Structures are given as structure tokens and as C-alpha cells.
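The structure is given below, and queries will be raised subsequently.
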Amino acid sequence: LDDRSSITASTASGNGGNIDLQMNNVLVLRNGSRIDVKSSGTGNGGNITIDSPTIVGLENSDIIANAVQGNGGNIQINTQGIFGLVNRPQLTPESDITASSQFGLSGTVAITNPEVE
């Protein structure tokens, strides 16, 4: 994803949608790109699952599962390497992974690195 591109599943009133990405190659997010599931109203944020050998986030690109009044969504990442993206409690000018809520409970971020032989 490049130049503010996005994969989004959001809603203004219900629960955010879910995104499931199964990658055979590297996943690169650049120049303000996003993978984003959110609820702007009372619903919960959606869930994101990413399976990719390598994930790179550069130049304020984000993976987001946020909500306003409901609970934040959950993010599950399975990868051998993740570069540039940092799990943070809220969005920053850097490249972030966040599953937060303004008024509800935060979601979870789980990053699994399988052992390589």
C-alpha cells in the first residue's frame, strides 16, 4: 500500500468489519497508508488478522482497530519479521499498531513470530 492507500472496514454506528490478509510475500505500508477497522459510534472496533512472512510500515503508516464508544478491536499478526511498526496505545505521527477506544476498553494486539529452522 502506498501514498495514503488503505484497506478499510468501518462503520458510523455498528461494529467495525473484519479484515483477514493471507500474504505469500512481504506486506509493505508506505506514505501514510493504513489497514483500518473502526467504529465511529457505539459499536466495537473490528478485528484484523494478518499472516505475512514480513511486514514493513514506513512514513506514518498504521494498522488500526479502534472504536469511539465501544471496545477497540483485536489485531492478530503472524510474521517472521515486523519492521517500522510499533504497538502503541494511541496513534502518533510514527507508524503504529493500535487497538484502542476513546471511551471503551482497548482491544488486544498479538504478534506471533513462528520459529524458523
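The values are calculated or read from the model by the stated rules, or taken from the named source; none is laboratory data. Keep in mind the model is a prediction, meaning the values are calculated, not measured. Note that we place each Cβ from the backbone using ideal geometry, even for glycine, and neighbour counts take in every protein chain shown. Calculation scope for accessible area: heavy atoms of the full protein, side chains included, ligands and nucleic acids excluded. Shrake-Rupley method; radii C 1.70, N 1.55, O 1.52, S 1.80 Å.
If you check residue 3 against the conditions, is it acidic (Asp, Glu) and more than 23 Å from residue 113 (Cβ to Cβ)?
On the way: acidic (Asp, Glu): yes; more than 23 Å from residue 113 (Cβ to Cβ): yes.
Against the criterion (acidic (Asp, Glu) and more than 23 Å from residue 113 (Cβ to Cβ)), residue 3 qualifies.
In segment 86-110, which residues are open to solvent by less than 80 Å² (accessible area, probe 1.4 Å), outside any strand (DSSP E or B) and farther than 17 Å from residue 39 by Cα?
Hits for segment 86-110 are 88, 92, 95.
Can I ask one more? I need a count of the residues in segment 49-67 that are free of Cβ contacts under 8 Å to residues at least 60 places away in the same chain, buried (at least 20 other Cβ atoms within 10 Å of the Cβ) and under 22 Å from residue 92 (Cα atoms).
Residues that pass the stated criteria total 9.
How many residues are over 20 Å from residue 26 (Cβ atoms), at pLDDT below 95 and of a type in the set (A, V, I, L, M) when one looks only at segment 100-117?
Final tally of qualifying residues: 1.
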